[in-house]
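**Student:** Take this structure first; my questions come after.
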Amino acid sequence: MALTTKKQRGFTLLEILISVGILMIVAILIVQVLFTTTHVNTKTEYLSDAKQNGNFALEIINRMVRSAQTIQTSCGFGATSASSVLLTNPDNSLTTFECLSDGTRARIASVNGSGVIVYLTAGNVTLSTSGGATCDDSSLVFSCPPASGIQNSLTFSFTLGHIGVAGSTYEVGTSSFQSTVFVRNW
């Protein structure tokens, strides 16, 4: 009598469990790559936006200081920095650069002698180091004049961060700017 063996069809339970385990590991890796790519792209967009806003504000302030007749900072006695600067323009009008809150964020603003406010930074970035809506912790700083009191140049710096982005989420969510400008007609 001959023994006949029956051919098995299908997979064993062990083979199925191993296949599912391998597929889960591959799926987790793919999801991690997608999340990382999304975070990097978002961070890049935020930094690009902050840099565009900062470069625009930097250029406006530089141009206004270069053509100013006089520069006056709000420096107290012995202070090395101020939170605002007052320029006398070629037409004898006044312009102040300072941090102003629009109620939801701290922004760089230009205020003319008539009180008209023009924001130099968009509403999606802030000067506030804590990401808040007030200028209490503003990063906008203007240099004080030398001991002689005559100021023919202005050094200023600021840092812009994107609204609603925690530093830990996207690590560095800020862009810093600094410039020294000399009055052209000095």
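**Student:** State whether one or more residues within region 49-57 are in contact with a Leu (Cβ under 7 Å, 6 or more places away or on another chain) and free of Cβ contacts under 8 Å to residues at least 40 places away in the same chain.
**Tutor:** Just the residues of region 49-57 that are in contact with a Leu (Cβ under 7 Å, 6 or more places away or on another chain), to begin with: 50, 53-54, 56-57.
Within this subset, residues satisfying the condition of being free of Cβ contacts under 8 Å to residues at least 40 places away in the same chain are none.
Taking every residue of region 49-57 in turn, none turns out to be in contact with a Leu (Cβ under 7 Å, 6 or more places away or on another chain) and free of Cβ contacts under 8 Å to residues at least 40 places away in the same chain.
**Student:** Among the residues in region 83-103, are any in contact with a Gly (Cβ under 8 Å, 6 or more places away or on another chain) and either touching a residue at least 60 places away in the same chain (Cβ under 8 Å) or buried (at least 17 other Cβ atoms within 10 Å of the Cβ) (or both)? Please lay out each step first, then the result.
**Tutor:** Going residue by residue through region 83-103, those that are in contact with a Gly (Cβ under 8 Å, 6 or more places away or on another chain) are 93-95, 102.
Narrowing further to those that are either touching a residue at least 60 places away in the same chain (Cβ under 8 Å) or buried (at least 17 other Cβ atoms within 10 Å of the Cβ) (or both): 95.
The answer is yes, given that some residue of region 83-103 is in contact with a Gly (Cβ under 8 Å, 6 or more places away or on another chain) and either touching a residue at least 60 places away in the same chain (Cβ under 8 Å) or buried (at least 17 other Cβ atoms within 10 Å of the Cβ) (or both).
**Student:** Report yes if Glu59 is surrounded by fewer than 13 Cβ atoms within 10 Å (Cβ to Cβ) and under 30 Å from Ser93 (Cβ atoms), otherwise no. Break it down stepwise before answering.
**Tutor:** Working: surrounded by fewer than 13 Cβ atoms within 10 Å (Cβ to Cβ): yes; under 30 Å from Ser93 (Cβ atoms): yes.
In short, yes.
**Student:** Still on this structure: Need the failing condition index for Pro145 against (1) within 18 Å of Ala68 (Cβ to Cβ); (2) at pLDDT 85 or above, just the number.
**Tutor:** All conditions pass for Pro145, except number (2).
**Student:** Moving on to the next point. Can you pull out every residue in region 1-19 that is at pLDDT 90 or above and surrounded by 10 or more Cβ atoms within 10 Å (Cβ to Cβ)? So that I can check it myself, show each step before the final result.
**Tutor:** As a first pass, look at region 1-19 and keep what is at pLDDT 90 or above: 12-19.
Listed by number, the residues that qualify are Glu15, Ile16, Leu17, Ile18, Ser19.
**Student:** Also, quick follow-up: Among the candidates Thr121, Thr134, which residue alone is part of a loop (DSSP other than H, G, I, E, B), modelled with pLDDT of 90 or more, surrounded by 14 or more Cβ atoms within 10 Å (Cβ to Cβ) and not small (Gly, Ala, Ser)?
**Tutor:** Numbers: Thr134 fails: modelled with pLDDT of 90 or more.
Every option except Thr121 fails the conditions.
The values are calculated or read from the model by the stated rules, or taken from the named source; none is laboratory data. This one's a predicted model, so the numbers in the text were calculated from it and none came from an experiment. Neighbour counts run over all protein chains shown; Cβ positions are idealised from the backbone, glycine included.
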